[in-house]
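Take a look at the structure below.
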Amino acid sequence: MSYPLPPNQEMSIIEQDALRLGTMASGNNSNTPSIETVSRIKYKNLPFYEVIDEVIKPTLLTGTNICTLAQFPEGMKEAIFKFVLSSKQVNFVAGNRKISHEKFEYPYQYQIRICQFVEPVPNESPDYMPLGLRIRVNMIECQLPLIPLNTRPELTLTRRLECRRSAGPIDCTEYVKLSPINCNDITINWTPDDKKYVFSMFLVKKLTTETLVKKLQDKGGRTIEETKNIIIKKLINDDPELATTSTYRFSLVCPLSMMRMKIPAKSIHCDHLQCFDASIFILMNEKRQTWRCPTCNKPCLYNDLLVENYFLDIVSSPTLKDCTNEVEILPDGTWKMYEEIKKRKITDISNS
């Protein structure tokens, strides 16, 4: 039988190699943060990933000038990290992978994250890539986040590769040795600037849109009575959103899909009544993460989303016609189908 190295021995491998290459804090340099300070780094939560385990703890990148790349710009730094997976970390990935179109798919992944180190250490640190970043796992180049489209187009390919890439996690699963006894190497190259960077590696579970929608629904959402009270207050106070009318027309159409909403939701920080469809919003952010409200363009993070049960009750109503895209909200917090009101007005005019 083979056994994984104990946690303290695994970390000693990482630290020994990092110390040899100058990636860990040195007591002789007052400008270098301590290992304890760096270890307090908490990365910004990523909605589509659930952290299962920490494979490599937050570690400061400083590196040396010894570079093993075939071609590299002058001044590029290099740091090498060695780690051994535990049996549990191996089984999560190997035991759940699937073959699709003759290629492995990994619901559980090994994920590299890099952020800028700032003091005082914030509650959450967003991903931030060093200049000219290159990452190799067991000497195989990893696919990195894209270079932003607004990078100057006149730059040569070589110069563009030296630019700062978009922020995001790096999936290196397919390059990692799934073994509790074999050692893995991570080689990181970057062009130094006036910033400090921290590197970590996690075992994560990839979450689907359906899972996130289910988690959102399980939160319970805003109650019908709470929304009714907000509507009554807005109508009484002549809120600018309601255009000084005694009623309010609410659109049942999602501003993203232009179809009727099924799960109306919005951020707890949004003051407007208008909602969007939670499933569509989460799906669009899975493809391109912006997390902004389509109505007011304010930040609209997943953890701040709430299902609006008042409007969920409306779109789920059996009395609502298929062709109805708007409802009229009355001062007492009740609602009526807008089409019926419009037809009644037309009838009254024709009879007069």
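The values are calculated or read from the model by the stated rules, or taken from the named source; none is laboratory data. Since this is a predicted model, take the numbers as computed values, not measurements. We place every Cβ from the backbone using ideal geometry, glycine too, and count neighbours over all the protein chains shown. Quick note on the areas: whole protein, heavy atoms, side chains included, nothing else; ligands and nucleic acids left out. Shrake-Rupley method; radii C 1.70, N 1.55, O 1.52, S 1.80 Å.
Here are some notes:
- K214 meets all of the listed conditions (1) modelled with pLDDT under 95; (2) within 19 Å of C275 (Cα to Cα) but one, namely (1).
- Conditions (1) in contact (Cβ under 8 Å) with a residue 40 or more places away in the chain; (2) open to solvent by less than 40 Å² (accessible area, probe 1.4 Å): number failed by R260: (2)
- Of the residues screened, A79 is one that is at pLDDT 90 or above, surrounded by 19 or more Cβ atoms within 10 Å (Cβ to Cβ) and of a type in the set (G, A, S).
- Pick from region 46-76, criterion touching an Asp or Glu at 6+ places or on another chain (Cβ under 7 Å) and not in a strand (DSSP E or B), ranking: modelled with the highest pLDDT: F48
- Residue count, region 298-327 (criterion: more than 17 Å from M284 (Cβ to Cβ), open to solvent by 20 Å² or more (accessible area, probe 1.4 Å) and in contact with a Ser or Thr (Cβ under 7 Å, 6 or more places away or on another chain)): 3
- Of all the criteria given as (1) closer than 17 Å to F202 by Cβ; (2) in contact with a strand residue (DSSP E or B) (Cβ under 7 Å, 6 or more places away or on another chain), the one not satisfied by K88 is (2).
- Counted as qualifying within region 90-137 are the strands (runs of 3 or more DSSP E) with 1 or more residues that are open to solvent by less than 50 Å² (accessible area, probe 1.4 Å), namely 98-100, 108-117, 131-137.
- Qualifying residues in region 280-290 (those that are assigned to a loop (DSSP other than H, G, I, E, B) and under 16 Å from T208 (Cα atoms)) - the one least open to solvent (accessible area, probe 1.4 Å): Q289
- Filtered residues of region 260-279 (kept if among the hydrophobic types (A, V, I, L, M, F, W, C), modelled with pLDDT of 95 or more and under 27 Å from D322 (Cα atoms)): M261, I263, A265, C275, F276, A278
- Single unsatisfied condition, R249 versus (1) assigned to a strand (DSSP E or B); (2) modelled with pLDDT of 95 or more; (3) surrounded by fewer than 19 Cβ atoms within 10 Å (Cβ to Cβ); (4) not β-branched (V, I, T): (2)
- Contact map, region 306-333: first residue on the phi > 0 side of the Ramachandran plot, second residue open to solvent by 30 Å² or more (accessible area, probe 1.4 Å), Cβ cut-off under 8 Å, separation 6 or more or different chains; pairs are G333/K228; G333/N229; G333/I232.
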